[in-house]
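K.L.:
Encoded as structure tokens, here's the structure I'll be asking about.
Bear in mind these aren't lab numbers, they're just calculated from the coordinates by the rules spelled out. Since the structure is predicted, the reported quantities are computational estimates derived from the model, not experimental observations. As a convention, Cβ positions derive from the backbone with ideal geometry for all residues, glycine included, and neighbour counts pool all protein chains shown.
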Amino acid sequence: MSQTKILVIEDEERIRQFLQRGLGFEGFRVDVAEDGPTGLKLARDNPPDLILLDVMLPGMDGLEVCERLRSVNDEVPVLMLTAKESIEDRVKGFDAGADDYLVKPFAFDELLARVRALLRRAQPKKPKVFRFADLELDTGTRQGKRGEVTFDLTAKEYELLELFMDHPRQVLTRQVIFDRVWDYDFGGESNIIEVYVRYLRQKTEVDDMPRLIHTVRGIGYVLRDEPTQ
Ligand code: CA
């Protein structure tokens, strides 16, 4: 996995170095800018995974940086740092598009907790590709691929395959599959799971490719690349 990159836009050298040191120690890659325009340019040209943005900045204040940035990038999490704590400032920050807010002086641990929470929240937006054996599932395009063959999936087929891909080699009971893919009150006696597993097998076993979704008799199913025992 590539290193998570954080852009720190802060004019006060002491705080900038404190953040750079602390975040660097935690394994983040840290870029810094000392004024608003430089920070905005860096954020646009080389988008980070998260931005720490001071409000009072030379050149252009943090609120304007955030507003301008949001017109081109509405996904990167922005954590505002401010010297003042007032409801009004807070509202202004959120209006400008900030995701969270931290009042100076702050403890590094508090900052780190907020940073991690924002990064976690931002994660699902990034397309991710699940891989198992020669099978792939792209959560961005919601398409599957086996070897060189790409296939489309209906909404339920996708959910079911994602459940398998997210739990490889783990036996999924019929109850777990019902709970996660269908509503809990969907009739447990129905053969809908069998029907959907059959659809997925048809799509993932073209040209006699070996089976990946195996039946575990009396229990459920498992995604596995060894032959059925
Ligand atoms: Ca400042």
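K.L.:
Once the principal axes of the Cα atoms of segment 1-51 are found, what is the range along each, listed largest first in whole angstroms?
P.N.:
Largest to smallest, the principal-axis extents are 30, 26, 10 Å.
K.L.:
A further question follows. Please give the net charge around Arg131, taking every other residue with its beta carbon less than 14 angstrom from that of Arg131, where Lys and Arg add +1 and Asp and Glu add -1.
P.N.:
Once positives and negatives cancel, what remains is -2.
K.L.:
Shifting gears a bit: What is the sum of charges, Lys and Arg at +1 and Asp and Glu at -1, for the other residues whose Cβ falls under 13 Å from the Cβ of Tyr196?
P.N.:
Net charge in that neighbourhood comes out at +2.
K.L.:
Could you work out the Rg to Rh ratio of segment 1-137, with Rh taken as the Kirkwood radius (inverse of the mean 1/r over all Cα pairs)?
P.N.:
Here the Rg-to-Rh quotient is 1.00.
K.L.:
Using a 10 angstrom cutoff on alpha carbons, build the Gaussian network for the chain and name the most mobile of Asp179, Asp35, Asp49.
P.N.:
Answer for the Gaussian network model of the chain: Asp179.
K.L.:
Lysine pairs in the chain 8 or more apart or on different chains: how many have alpha carbons under 14 angstrom apart?
P.N.:
Close lysine pairs found across the chain: 5.
K.L.:
Related question: Net charge near Ala117, counting Lys/Arg +1 and Asp/Glu -1 over other residues with Cβ under 12 Å of its Cβ?
P.N.:
Taking every Cβ under 12 Å from that of Ala117, the sum is +1.
K.L.:
Also: Round to the nearest 10 and give me the degree value, 0 to 90, for the angle of helix 108-122's Cα axis relative to the longest principal axis of the chain.
P.N.:
Taking the Cα atoms of the chain, the angle to 108-122 is about 40 degrees.
K.L.:
Enter the per residue convex hull volume of segment 129-223, computed from alpha-carbon coordinates, in Å³ rounded to the nearest integer.
P.N.:
Dividing the Cα hull volume of segment 129-223 by its residues yields 91 Å³.
K.L.:
Right, next: For segment 67-176, what proportion of DSSP beta bridges, expressed in % and rounded to the nearest 5, is antiparallel?
P.N.:
Bridges in segment 67-176 are about 75 percent antiparallel.
K.L.:
Across 5 Å bins from 0, what is the distribution of all Cα-Cα pair distances for the chain, in whole percents?
P.N.:
With 5 Å bins starting at 0, P(r) equals 1, 6, 13, 14, 12, 8, 7, 8, 9, 9, 7, 4, 1, 0.
K.L.:
Find, to one decimal place in angstroms, the Kirkwood hydrodynamic radius of segment 66-142, where the mean of 1/r is taken over every pair of different Cα atoms and then inverted.
P.N.:
Over segment 66-142, the inverse of the mean reciprocal pair distance is 14.7 Å.
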